[in-house]
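Take a look at the structure below.
Rule-based calculations on the coordinates, nothing more; no lab input. The shown structure was predicted, so the numbers you read here are calculated from the model rather than taken from an experiment. Here the Cβ is made from the backbone with ideal geometry for all residues, glycine too, and neighbour counts use every protein chain on show.
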Amino acid sequence: MSDNLHQLRCFGCGARIAGTDAQPDFRCAECGDLFEVEFPGWMERRGTDRPNPGALKWLWRERRCSSEALDQSGVWRFRELLPILDNFGNAVTLREGNTPLYHLPRIAKSLGIDQLFAKHQGMNPTGSFKDTGMTAALSVAREREFEWVACASTGNTSAAMAAYAARAGLRSLVLIPEGKIAWGKLSQAMDYGAVTCQLKTDFDGCVRVLTEIVRQAPIYLLNSVNPYRLEGQKTPAFEIAESYDWNVPDHLIVPGGNLANSSALGKGFRELKELGLVARMPRISVIQAEGANPLVRSLAANRGASLEPVEAHTRATAIRIGNPASWRKAARVVQDTCGWCLDVSEAEIAIAKAEIGAEGLGCEPASAVTLAGLKKLRAQGAIGGGETVVLVLTGHTLKDADYTIDFHRGTLLTVEETGGPASKISAEIEKLRRNAVVVDATTAAVFNVLKGQVG
Ligand code: F0G
């Protein structure tokens with residue numbers, strides 16, 4: 001018996017095709033839009049394929065005690081809600097998912113929001129949320145007997161793809177923008193054995209080149225236009241709902257780059273609601289960097305009817321994306337859930353990142369936009385002190401150590417970005433900076449440093 005119950009539905013024109021009929025670039029042959037995975041059997045109320053919510057809640061929790069690889073994965077543990085493979089035995093897993101949901105006590109206190117949590121997707125095997133999507137889509141590639149997989153990336157997708165491809169014994173091709181990704185991520189692609197090309201362009205340029213390549217060669221595209229990636233990336237929504245005993249937080253705040261993650265989490269919560277596992281959806285807000293904010297602009301200019309690409313600039317290199325592929329899906333999620341979409345400055349990102357570090361968690365710069373966005377929403381009165389808020393931290397702090405060191409050395413931001421040494425921003429930064437000092441190798445010298453810290 002096949003485990004496969006899905007078909008693909010075009011997000012633009014609604015055309016439906018079998019999963020195996022998708023074009024190599026995953027664009028609809030009719031209208032050029034992206035596909036979404038759907039499960040027709042779920043619609044029939046008494047259909048035999050419609051999952052039973054009570055039984056699933058029990059089964060998914062039971063699996064956490066299992067020693068089977070698939071059960072230990074925080075993605076495949078929920079496999080009844082991602083029947084995308086003919087045989088679940090083809091799944092390639094590194095035991096991704098099951099990431100922690102941390103309380104943020106100090107930030108919660110300073111913002112006057114008691115119930116403030118971080119879902120830390122950086123605690124995945126390759127250090128980012130991409131692992132949840134990669135286990136799903138790469139398993140499809142293996143089942144369909146591809147030898148090569150490829151992605152264009154700002155770094156994390158390539159790290160995840162290279163790792164999962166290596167586990168599956170597939171070859172992988174990575175296209176990254178030269179000089180514009182964090183070293184930690186580049187080193188991962190090399191370590192896991194990918195063929196890595198640094199192209200003299202930006203992320204959007206890498207996507208253009210790769211789209212041509214997959215049209216000409218039998219290479220399986222693993223960018224997030226691949227709808228199976230989103231199936232894996234929807235599972236943190238299940239984990240979050242499960243941790244609140246099948247209630248949902250009032251707000252979920254997600255960084256926005258290529259806009260697949262916000263789309264996927266929205267899909268996850270929507271499916272839980274449709275299947276009767278939760279009663280409502282959280283408000284989902286997407287935060288972008290000021291210099292890479294095409295969705296913010298699109299929603300402000302025309303309520304998401306069209307999107308004008310921008311030339312992207314931000315030190316949060318993971319989200320340095322000017323022409324996001326999944327913008328229509330993400331716009332729908334923000335609108336359907338009554339969330340917000342806003343942008344934050346380079347200084348706001350840097351400060352938020354240091355504050356998350358000071359909670360003993362840390363994250364990469366792109367993840368910190370969530371806290372920077374929350375502060376703005378709180379200041380605007382959009383989020384109340386009694387509400388429950390979950391920030392999705394997408395990447396591990398070690399991904400981009402250069403950024404962190406530059407911040408603490410005081411060399412990260414320009415005078416224009418901080419407003420000069422006497423500004424409020426500079427004062428906030430000075431409070432958070434913990435530069436490493438060089439001292440003589442004597443107890444007296446070290447005590448001297450400590451004296452400066454007391455009080
Ligand atoms: N945070 C991190 C750490 C990321 O790596 C990315 C995207 C995002 C947020 C944004 O997620 O694109 O789904 O809106 N990184 C991609 C990559 C583009 O190639 O690794 P998104």
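Assorted remarks:
- Radius of gyration over Kirkwood radius for region 27-159, both on Cα atoms: the Rg/Rh ratio is 1.03.
- Segments 140-146, 228-234 sorted - mean Cβ within 10 Å per residue, highest first: 228-234, 140-146
- According to the Kirkwood relation over distinct C-alpha pairs, the hydrodynamic radius of the chain is 22.5 Å.
- Among residues other than L34 with Cβ under 9 Å from its Cβ, the summed charge is +1 (Lys and Arg +1, Asp and Glu -1).
- Dipole-positive endmost among V333, L307, S285 within region 277-363 (Cβ charges, Cα centre): V333
- When the alpha-carbon atoms of region 375-449 are used, the pair Rg, Dmax equals 17.7, 53 angstrom.
- Cα gyration tensor shape for region 258-335, rounded if a/c is under 1.5, else prolate or oblate: prolate
- Normalising the Debye intensity of region 168-314 to I(0), with uniform scatterers on Cα atoms only, and taking log10 at q = 0.19 Å⁻¹ returns -1.25.
- Farthest positive-ward along the chain dipole, Cα basis, beta-carbon charges - from P294, G452, C13: G452
- Percentage of interatomic Cα-Cα distances in region 156-249 larger than 23 Å: 35
- Listed residue (G155, L81, L111) projecting farthest to the positive dipole end of region 40-176, Cβ model: L111
- Unpaired Cys in the chain, meaning no second Cys C-beta under 4.7 Å: C65, C151, C197, C206, C338, C341, C363.
- Each part reduced to its alpha carbon centroid, region 44-95 and region 268-320 end up 28 Å apart.
- When only Cα pairs below 8 angstrom with a gap of at least 6 residues are kept, region 308-421 shows a relative contact order of 22 percent.
- Ordered by the count of other Cβ atoms within 10 Å of each Cβ, fewest first, I107, I356 give I107, I356.
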